[in-house]
Amino acid sequence: MKKICIVGISGKLGQYLTEHALARGYEVRGVCRPESVDKLARFGDRITVFPGKTNDRAVIAEAVKGCDGVLVVLAPWGVQRYASGTAQAVMDFAEPGARLVFSCGWHISLDGKDVYSLKLRLIVGLFGPIARLLRFAELDDQVRATDLIFQSDKDWTVVRGSNLEEGESEGLPVWAEHVGDPVLASNLTRRTDFALFMVAALTNDSLIGKAPAIVSRAAPSAQAAQEQAVAA
Ligand SMILES: NC(=O)c1ccc[n+]([C@@H]2O[C@H](COP(=O)([O-])OP(=O)(O)OC[C@H]3O[C@@H](n4cnc5c(N)ncnc54)[C@H](OP(=O)(O)O)[C@@H]3O)[C@@H](O)[C@H]2O)c1
């Protein structure tokens, strides 16, 4: 892995992705809305920015050229199929064989075998229609985006983040195939570690074609699972 592109580089997750990718010595390119370019000032000439909406196919085509890996922040903002347009553009223009790693939340399901708490079902069930009504987000477009990814023959990984918090890294998160697995019960990950997991996935071929749901390795549920494994 030498050259990577971060699509949605200016957001909170995108900036952590940038820090981890630079720390690994990758050449970093990124796409963000023109009005957000200034948020990246601290990275100076260590990154190359392609200003544009992340679903702008011409901008994505240029930005991902020659990249071995693409990290994509799937954002459901607005009601213009932003997430699915972004995912489709990345899959259409990424180099053959490039590793593609996408972010989303636990509400996305690869195989329908996730078991959700009543609280999560209520949040998604209420937030989705309200957000669409107010025209600030369309959660179902993130579902559309990941369905497109799941059906593609690319080398993809979809990383499903738990609730997020700020703070120092606690190390690489642990993961499970399905929400409902007891290891995930604490439902909390530092945002920097969500990014750490995505960057690590670029070079972890065992995650190709998977949708890991993650949680902090320091979370009580992860610690309990670790203690059980040691005791067994
Ligand atoms: N927040 C959570 O609790 C949570 C939990 C689980 C998973 N996730 C996942 O984590 C990822 C990142 O989420 P985050 O909450 O940390 O957000 P974030 O990284 O701060 O922002 C996400 C992206 O949305 C863009 N954006 C914001 N407003 C926009 C608009 N009106 N139109 C177009 N783009 C807009 C941002 O670009 P600009 O810099 O240009 O604004 C940024 O690239 C997402 O895939 C999300 O599904 C989040």
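Per-structure values
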read-out	value
Restricting segment 68-83 to residues that are surrounded by fewer than 24 Cβ atoms within 10 Å (Cβ to Cβ) and more than 8 Å from the ligand (Cβ to nearest atom), the residue that is modelled with the lowest pLDDT	V79
Condition met for Q88 (farther than 14 Å from C5 by Cβ and more than 17 Å from the chain's Cα centre (by Cα))	no
Of residues in segment 108-122 being out of contact with any strand residue (DSSP E or B) (no Cβ under 8 Å at 6 or more places or on another chain) and over 15 Å from V215 (Cβ atoms), the one nearest to the ligand (Cβ to nearest atom)	K119
Where a residue in segment 211-229 is touching a residue at least 60 places away in the same chain (Cβ under 8 Å) and its partner, wherever it lies, is assigned to a helix (DSSP H, G or I), with Cβ under 8 Å and at least six apart	A211/T146; A211/F150; A213/L184
Top-ranked residue in segment 85-97 [being surrounded by fewer than 23 Cβ atoms within 10 Å (Cβ to Cβ) and small (G, A, S); ranked as nearest to the ligand (Cβ to nearest atom)]	G85
Residues located in segment 102-122, provided they are β-branched (V, I, T) and closer than 17 Å to V183 by Cα	V115
Any strands (runs of 3 or more DSSP E) falling wholly within segment 1-64 and containing at least 3 residues that are more than 10 Å from the ligand (Cβ to nearest atom) and exposed (fewer than 15 other Cβ atoms within 10 Å of the Cβ)	none
Scan of segment 26-59 for residues that are within 15 Å of K3 (Cα to Cα) and hydrophobic (A, V, I, L, M, F, W, C), ordered by number	V28, V31, I47, V49, F50
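The values are calculated or read from the model by the stated rules, or taken from the named source; none is laboratory data. The shown structure was predicted, so the numbers you read here are calculated from the model rather than taken from an experiment. Cβ atoms come from the backbone with ideal geometry, glycine included; neighbour counts cover every protein chain shown.
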